[in-house]
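Only one structure is covered here, and it is reproduced in the block below.
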Amino acid sequence: MEPRSAAAAGRDFPYTAGTTCYIEVHEDGRVTHGDSRAGYERAVAGKSRLFAVWPGQWSSDLFLIDDLDEYAKAHGIKHDQDRTGLSEHVHDVEWTEEVAYNTNPRSPYISIRLTMKCGCEIRNLDTFAKQMREQQGWSVATSVGWGSSSGPEGTSYSLRVRRKSLRA
Ligand SMILES: [Zn+2]
């Protein structure tokens, strides 16, 4: 079976779909599976090649991961401004507590409404949470719902953040 090119599909390639399985063919012919950072680094170093199996209904397609940059961005190994909406800089944020939502004084998390003064957009909460942890020590809850709303003053976001990690 001749592998197809993942690069040819561009950003539409389902790099992070749950049905996409990765296999790594090592220099010595060994075949392992997984999509780890280590596998990416070996592929960049030319020590292995990464393939993806994309299961179809009747047959599976085999793709060579020939755009490792796109692969790394999709998996968060490399920062991707387009996918995340977030620049790699110290964000300028403004936030207020959403008092009406914070009815349980014992909850370690509080709801806040946040605006991005720096012009970034939050398209990927995991990336934003990681950046804010590094920049301001925030613990943003990433396993609960969050939302955004747009108005005349721009977009604001509803997030849950660990109370003790917020600076007053
Ligand atoms: Zn920013």
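Taken together, the values in this text are just the output of simple stated rules run on the coordinates, not laboratory data. Note that this is a predicted model, so its numbers are computed, not measured. Note: ideal-geometry Cβ built from the backbone for every residue, glycine included; neighbour counts use all protein chains shown.
Key figures for this structure:
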read-out	value
Dipole magnitude of segment 67-168, debye to nearest 20 (Cβ charges: Lys/Arg +1, Asp/Glu -1, about Cα centre)	660
Total charge dipole magnitude, segment 1-135, about the Cα centre, Cβ charges on Lys, Arg, Asp, Glu only, Debye to nearest 20	320
In degrees, nearest ten, helix 125-136 long axis to first principal axis of the chain (Cα)	60
Ratio of the Cα radius of gyration of segment 46-159 to 2.2 N^0.38 Å, where N counts its residues	1.41
Long-range lysine pairs (8 or more apart or interchain), the chain, Cα under 28 Å	9
Equivalent ellipsoid dimensions for segment 1-73 as semi-axes, Å, which come from the Cα gyration tensor, largest first	18, 14, 11
